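Down below is the structure, laid out as structure tokens.
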Amino acid sequence: MLQLQDPSLLETRAFIGGAWIARDTQIDVRNPVSGRVIAQVSDCAAADATLAIDLAYAAQPVWAALTAGERADFLRRWHDLVVQNADDLALILTAEMGKPLAEARSEILYGAGYIAWYAEEARRIYGEILPPHRSDMRLLVLRQPVGVVGAITPWNFPNAMIARKLAPALAAGCAVVAKPAAETPLSSLALGMLAMRAGLPAGVLSILPSTDAQGIGQEFCQNPKLRKISFTGSTNVGRILMAQAAGQIKKLSLELGGNAPFIVFDDADLDAAVQGCIQSKFRNAGQTCVCTNRIYVQDSIHDAFVNKLVTAVKKLRTGDVPDYEIGPLISEAAIAKVQAHVADACAKGAQLRCGGTRLEGQFFAPTVLTEMTGLMDMSSQESFGPLAAVFRFSTEKEVVAASNDTEFGLASYVYTKDMNRIWRMMEALEHGMVGVNTGLISTEVAPFGGIKQSGLGREGSRHGIEDYVDLKYACMRIDPQ
Ligand code: NAP
């Protein structure tokens, strides 16, 4: 059992329209380190989504009619409760997802940052008055909530991915029906508990753990009372939702997969580049959408960089030890994908410099591969595991072409001291985010999101609110006398 200061945060019932409701069918939530079942959570059916959407549809206009200040006050109270309970929330998160406790705590505070940001932003959803095209006309633009939102989130950030959606949606005056990943429902239910304690009116939020992702996704797409879907997950599921949502021309925000290049030029600070590479590649055991997937190193510093990287990677603590830095992978399927990528690369000529093997349980040894080429699966597919794959390059033109040679366009990273090159690379990389001399880029202050097949829309910053508002133009004729 988890030793929580507030055991009531370990909620296992579904949160439907403000009530905690138990369902007969249960989802076994397993700890990825021990493999043991840590909780059994109510498994919602598509009919629960219909019920939650009905309740949200009734509650949404009332929520939208509050003043921005009243919605901001709720978000601020919710933020404070999340921060006050950060230790318990981190324990719950680590128990269901496996990431190290320190990383889990950072995630809780990172997610809380979005709640605080949108508490402030709620008051700044301004309209516009336009200079009219005729002297007897007055033109206004209103920004109004889109209505009921369906949110679907993945397991890799069980707290932050849902916080990043709920905070701007609630700030804008939307009601939300959320479906967390089946592997990690506990963190989102705990967030729902704290939202209720912060005074969120009944009906405005529902959280539906479910193993019927397809059924709930279809209901979100087909129910006309739900006006918008915000999804974070794989590009494949993003494509399914986009196709299904076409029937009702439903609004979509999609935060999808990535294939981030990490580029090290010969004038870079190599120690800083190695440190940034470790942070970007191995955080969350490589299971983040902005994780480095392809490391490009310029010829003349290739060997020096690789030696430093291998030394640093060998020091990472992993395996079933209390203070592991690199946690387990989420599932057998995730391990199989990583193993297949190593086997494919090695069969096509890559050199295995360290790691490459499965450890006990669901842990995988942090791995460095060199002599990578564009023919290997890792050059086009997200590994989502602790594999550092190093490619050589000679010229800036060559590395820009290789970095952009992917259907994805989420994050990218560049290490160089040349200011002219920094500008050229920022402009040339076809990715929604560029880290320059840093491997950590995510913050609530900035617009997070991708281009190409990495998605639509942005989360965070003042731009994040745009995904939850409609523009309405009003044209008013007056007597100018
Ligand atoms: P996933 O398989 O796409 O699952 C994500 C969510 O979608 C889960 O809640 C899942 O439910 C649900 N789902 C699955 N099939 C569905 C369907 N047919 N209709 C509706 N919902 C469906 O992704 P994942 O493997 O869990 O997550 C990893 C992926 O997410 C990676 O590609 C990663 O890059 C991406 N990601 C992107 C961002 C970003 O901000 N761009 C952030 C984090 C992760 P179940 O859990 O029940 O299957």
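Derivation of every value follows stated rules applied to the coordinates shown; laboratory data play no part. Just so we're clear, the structure is a prediction, and the values are computed from it rather than from any experiment. Here the Cβ positions follow ideal geometry from the backbone for every residue, glycine too, while neighbour counts run over all protein chains shown.
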- Take segment 285-327 and flag every residue that is assigned to a helix (DSSP H, G or I) and of a type in the set (A, V, I, L, M, F, W, C). Ala285, Ile301, Ala304, Phe305, Val306, Leu309, Val310, Ala312, Val313
- Message: Is it the case, given these coordinates, that Asp54 is buried (at least 21 other Cβ atoms within 10 Å of the Cβ) and part of a helix (DSSP H, G or I)?
- Response: no
- Message: Quick check on my filter: what residues within segment 240-259 are in a helix (DSSP H, G or I) and either touching a residue at least 24 places away in the same chain (Cβ under 8 Å) or within 8 Å of the ligand (Cβ to nearest atom) (or both)?
- Response: Ile240, Leu241, Gln244, Ala245, Gly247, Gln248
- Message: Can you confirm whether Trp117 is out of contact with any strand residue (DSSP E or B) (no Cβ under 8 Å at 6 or more places or on another chain) and outside any strand (DSSP E or B)?
- Response: yes
- Task: Taking only segment 393-430 into account, find how many residues are in contact (Cβ under 8 Å) with a residue 40 or more places away in the chain and assigned to a helix (DSSP H, G or I).
- Result: 6
- Query: If only one of Lys179, Lys228 is more than 11 Å from the ligand (Cβ to nearest atom), of a type in the set (Lys, Arg) and under 20 Å from the mean Cα position of the chain (by Cα), which one is it?
  - Reply: Lys228
- Look through segment 190-221, keep the residues that are near the ligand (Cβ under 10 Å from one of its atoms) and of a type in the set (Val, Ile, Thr), and return whichever of them is surrounded by the fewest Cβ atoms within 10 Å (Cβ to Cβ). Thr211
- Item | Complete set of residues in segment 196-206 that are under 13 Å from Val149 (Cβ atoms) and hydrophobic (A, V, I, L, M, F, W, C) | Val204, Leu205
- Item | Residue list for segment 22-35, restricted to those being surrounded by fewer than 17 Cβ atoms within 10 Å (Cβ to Cβ) and farther than 16 Å from Pro180 by Cα | Ala22, Asp24, Thr25, Ser34, Gly35
- Item | Considering residues of segment 105-130 that are within 21 Å of the chain's Cα centre (by Cα) and free of Cβ contacts under 8 Å to residues at least 40 places away in the same chain only, the residue nearest to Gln144 (Cα to Cα) | Leu109
